[in-house]
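Visitor: After the structure tokens below, expect a handful of questions from me.
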Amino acid sequence: ETQKETLGFQTEVKQLLHLMIHSLYSNKEIFLRELISNASDAVDKLRFQSVSNPDLLADDPNLRVRISFDKDAGTLTIDDNGIGMSREEAIANLGTIAKSGTAQFLEQLSGDQKKDSQLIGQFGVGFYSAFIVADKVTVETRRADEQQAVRWESEGTGEFTIEEIEKATRGTRITLHLKADDKEFADNWRLRSLVTKYSDHISIPVEMEKVVYPEFDEEGNPKESEEKSAPEWEAVNSAKALWTRSRSEVSDEEYKEFYKHVSHDMAEPLKWSHNKVEGKLEYTSLLYIPSKAPYDLWNRDMQRGLKLYVQRVFIMDEAEAFLPPYMRFVKGVVDSNDLSLNVSREILQNDSAVDSMRSALTKRVLDMLTKMAKNEPEDYQKFWNEFGAVIKEGPADDFGNKDKIAKLLRFSTTHTDKPEQTESLDQYIERMAEGQDKIYYIYAETHNTAKNSPHLEVLRKKGYEVLLLSDRIDEWMMSSLREYEGKSFQDVTKGKLDFEAEETEEAKKEKEQKQEQLKPLLDRMKSVLDEKVAEVKTTDRLTQSPACLVVGEFDMGLQMRRLLEQAGQ
Ligand code: ADP
Ligand code: MG
């Protein structure tokens, strides 16, 4: 056996601990949800590995989490018979934060407690939340496939100790030494109500000791029992995976709690959709739309995907094959009856059943959004403000659903002249002026540049609405949109605008004359500007500005040019 070793927490952990202890003061009880959630994950992992290696279950096949307490000592224990941790795993998992984006997260903290506690709500707190109520935490754990167990212990300040110990059973036992002010948690009824509140949906039993009432003799004195019998355990939660229950049996509160469990997000979801599919393929899905975007949403490589189960057995987190990248904000569970328990990420990428499920789930999400846009426009606007930029990847990512996605898009336009993206293409079409048959748009680096562009002058005069685009993704999106409801899209900075051609013979002549008169000036300008322009022409596109730059109809857009220039092309 090795000696006890003292190790330091990663800087980020120290910061997180400090923050958590100070900002989650009013919502302490969530620590129990986090620890039960971890125990349930550990049991899920063991169940999965035991499919190929049944020996792991050994003589302890009934998977469960147990909660016990000692009122006098002021301790609370959460004990699971899941996968457990090796020494190295304990050091890595309980001493560092592996989540991507942690550094960015910590940078965003303002020191303002109210704001910070909302941020931490989005981040998810996990194991370290034990230190909200405990001044010392002891973790004793043994991996299911190892003999050696370890004890990890910390007071949640700067460091933790780790040492090898004996432990007869596999899995993890976490003991919280409750702070003086938090002894209330070492209480049977308090714990039972917290388990029901937060962990009812957990698919394994969360057990507590049965309350044994003392028996009394005829004189009313408690009977002395000869021998203290072994504790009897009973499940406190319903221990049925939430998605296997029928929709009518599940309350909104339960759906919301389950969301927190699968998403590691403490905020409430905006919407969800729970469906059981029967027929050629059989699967159940429970999909959630979060109310807030994560920090790394813009990153197409962010961890994404659904929790995958096969016949109720947990297979993997972040199974990304079930939804396209532009739906990377969706959280939830898919439970299939058709896949094999041995399925791997590689297999998922090339499986025809998965393909069918992906297109059905994609439609499901689009339908959920379409319904929300129609029936709860305020919620939809909230959704758009958070996730609109990702939906804009949709037309290029998912050509087959282009029209459905286009209906969901929201724009800033000259109708409102505000930067908020609130207008739909359907609204645009409804407002189209007489004789207008195109949807006009302009890109610029910023909303203000777009709004004040001289290119818009003539359109404003004619009463034609123009989409004002200034998100980086917009040009890419427009290059795959092309048309909507039979109306083509027209970049107002490109080539000739249609209505310029609608002029009479007479007007045409007049224009040619003018052009002729101005020819010396135009030639002079062209020779001064030389290589910088292809052509200098007169125009009736402008009403106030003296001149503007136009890109040829088949040239690259200005914005795309800038992007390529920035990329050194
Ligand atoms: P998360 O659950 O989001 O991964 P946590 O902070 O809750 O983050 O837990 C960190 C890691 O510690 C887990 O990913 C897991 O590897 C490990 N862990 C925590 N609790 C247990 C447990 N009861 N059994 C096994 N591993 C655990
Ligand atoms: Mg966790």
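Visitor: Using the reciprocal of the averaged 1/r over all distinct C-alpha pairs, how large is the Kirkwood radius of segment 311-366 in Å? Could the numbers behind the result be given before it?
Guide: On the way: mean 1/r = 0.0850 Å⁻¹.
One decimal place: 11.8 Å for the Kirkwood radius.
Visitor: In addition: Compute the length gained on full extension between LYS438 and SER246: take 0.36 nm times their separation in residues and subtract their Cα-Cα distance, giving the result in nm to one decimal. All intermediate terms of the calculation are to be shown ahead of the outcome.
Guide: Details: separation 192, 0.36 × 192 = 69.12 nm, distance 4.76 nm.
Gain in length upon complete extension: 64.4 nm.
Visitor: Which of the listed residues, SER23, SER37, ALA58, is farthest toward the dipole's positive end in segment 22-69, when Lys, Arg count +1 and Asp, Glu count -1 at the beta-carbon?
Guide: Value: SER23.
Visitor: While we're on this one: Computed FRET efficiency, Cβ-Cβ of GLU485 and SER352, R0 30 Å: what is it to the nearest 0.05?
Guide: 0.35
Visitor: Determine the alpha carbon to alpha carbon distance for each of LYS271/LYS404; LYS260/LYS404; LYS404/LYS487; LYS418/LYS438; LYS280/LYS407 and list only those over 27 Å. Please report the intermediate quantities before stating the final value.
Guide: Working: LYS271/LYS404 19 Å; LYS260/LYS404 29 Å; LYS404/LYS487 15 Å; LYS418/LYS438 22 Å; LYS280/LYS407 30 Å.
The pairs that break the limit, which is 27 Å between Cα atoms, are LYS260/LYS404; LYS280/LYS407.
Visitor: Under 22 Å Cα to Cα from LYS167, which lysines show up? Leave out anything in the same chain fewer than 8 places away.
Guide: Output for LYS167: LYS4, LYS45, LYS136.
Visitor: Between ALA73 and ASP338, what's the calculated FRET efficiency when r is the beta-carbon distance and R0 is 41 Å? Round to 0.05. Please report the intermediate quantities before stating the final value.
Guide: Working: r = 50 Å, r/R0 = 1.23.
Efficiency at R0 = 41 Å is approximately 0.20.
Visitor: OK, next. Using a Förster radius of 56 Å, what is the FRET efficiency between GLU215 and GLN49 based on their Cβ-Cβ separation? Nearest 0.05, please.
Guide: Details: r = 45 Å, r/R0 = 0.80.
FRET efficiency, GLU215 to GLN49: 0.80.
Visitor: Can you tell me the alpha carbon radius of gyration of the chain divided by the globular rule-of-thumb value 2.2 N^0.38 Å? Before the final figure, lay out each step's value.
Guide: Working: Rg = 31.3 Å, N = 569, 2.2 N^0.38 = 24.5 Å.
With N residues counted in the chain, Rg over 2.2 N^0.38 Å equals 1.28.
Visitor: Of all beta bridges DSSP finds with both residues in the chain, what is the antiparallel percent, to the nearest 5?
Guide: On the way: 63 of 79 bridges.
Of the beta bridges lying entirely in the chain, close to 80 percent run antiparallel.
Visitor: Right, next: Using the Karplus equation 6.51 cos²θ - 1.76 cosθ + 1.60 (θ = phi - 60°), what ³J(HN,Hα) coupling, rounded to whole Hz, does each residue of segment 321-336 give in order, writing x for Gly and Pro?
Guide: 6, 8, 8, x, x, 6, 10, 5, 7, 6, 10, x, 10, 10, 10, 9
Visitor: Going by how many other Cβ atoms sit within 10 Å of their own, how do ASP187, ASP471, ASP112, ASP335 line up, fewest first?
Guide: On the way: ASP187 14, ASP471 17, ASP112 11, ASP335 24.
Ordered by Cβ neighbours within 10 Å, fewest first: ASP112, ASP187, ASP471, ASP335.
Visitor: Working out 0.36 nm times the residue gap between ASP187 and THR2, then minus their Cα-Cα distance, what length gain in nm do you get to one decimal? Numbers along the way, then the final one.
Guide: Values: separation 185, 0.36 × 185 = 66.60 nm, distance 3.68 nm.
So the chain would gain 62.9 nm between ASP187 and THR2.
Visitor: Reachable lysines from LYS511, Cα under 21 Å, same-chain residues fewer than 8 places away excluded?
Guide: LYS461, LYS462, LYS494, LYS496, LYS519, LYS526, LYS537
Visitor: Go through segment 465-477 residue by residue and turn each phi into a ³J(HN,Hα) via Karplus (6.51, -1.76, 1.60, θ = phi - 60°); whole Hz please, and just put x for glycine and proline.
Guide: 6, 10, 6, 9, 9, 8, 7, 4, 7, 4, 5, 4, 4
Visitor: If you split all Cα-Cα distances of segment 419-522 into 5 Å bins from zero, what percentages do you get per bin, shortest first?
Guide: 2, 10, 19, 21, 19, 11, 8, 7, 3, 0
Visitor: Between segment 161-203 and segment 281-325, what is the C-alpha centre distance in whole Å?
Guide: Taking the Cα centre of each part, segment 161-203 and segment 281-325 sit 29 Å apart.
Visitor: Also, I was wondering about something else. What longest region of the chain stays clear of chymotrypsin sites (Phe, Trp or Tyr not before Pro) that DSSP places outside H, G, I, E and B and that have at most 13 other Cβ atoms within 10 Å? Before the final figure, lay out the partial values.
Guide: Details: sites that count: TRP298, PHE554.
Answer from the scan: 1-297.
Visitor: Mind checking the angle between helix 11-23 and the chain's longest principal axis? C-alpha axes, 0 to 90 degrees, to the nearest 10.
Guide: With both axes taken from Cα atoms, the answer is about 80 degrees.
Visitor: Label-point separation (nm) for LYS509 and THR539, each offset 7 Å from Cα along Cα-to-Cβ?
Guide: With each label point 7 Å from Cα toward Cβ, the separation is 2.7 nm.
Visitor: For segment 343-381, list residues with backbone N below 14 Å from a point placed 7 Å from the Cα of ILE473 toward its Cβ?
Guide: Output list for this probe position: empty.
Visitor: How tilted is helix 30-52 with respect to the longest principal axis of the chain? Cα atoms for both, answer in degrees (0 to 90, nearest 10).
Guide: 90
Visitor: Express in nm, to one decimal, how much length is gained between ASP417 and LEU522 on full extension, taking 0.36 nm for each residue of separation and deducting their alpha carbon distance.
Guide: Values: separation 105, 0.36 × 105 = 37.80 nm, distance 3.41 nm.
Using 0.36 nm per residue and subtracting the Cα-Cα distance, I get 34.4 nm.
Visitor: For a 28 Å ceiling on Cα separation, which of these pairs sit above it: LYS392/LYS532; LYS276/LYS374; LYS28/LYS210?
Guide: Working: LYS392/LYS532 33 Å; LYS276/LYS374 24 Å; LYS28/LYS210 26 Å.
In this structure, LYS392/LYS532 exceed 28 Å between Cα atoms.
Visitor: If you don't mind, there's one more thing I want to ask. At a 10 Å Cβ-Cβ cut-off, how would you order SER291, SER37, fewest neighbours first? Intermediate results must be reported in sequence, preceding the final value.
Guide: Working: SER291 17, SER37 21.
Exposure proxy ranking, most exposed first: SER291, SER37.
Laboratory data are not the source of any read-out in this text; all were calculated from the coordinates shown. Bear in mind the structure is a predicted one, so any value in this text is a computation, not a measurement. When we count neighbours, we look across all protein chains shown, and the Cβ atoms used for this are built from the backbone with ideal geometry, even at glycine.
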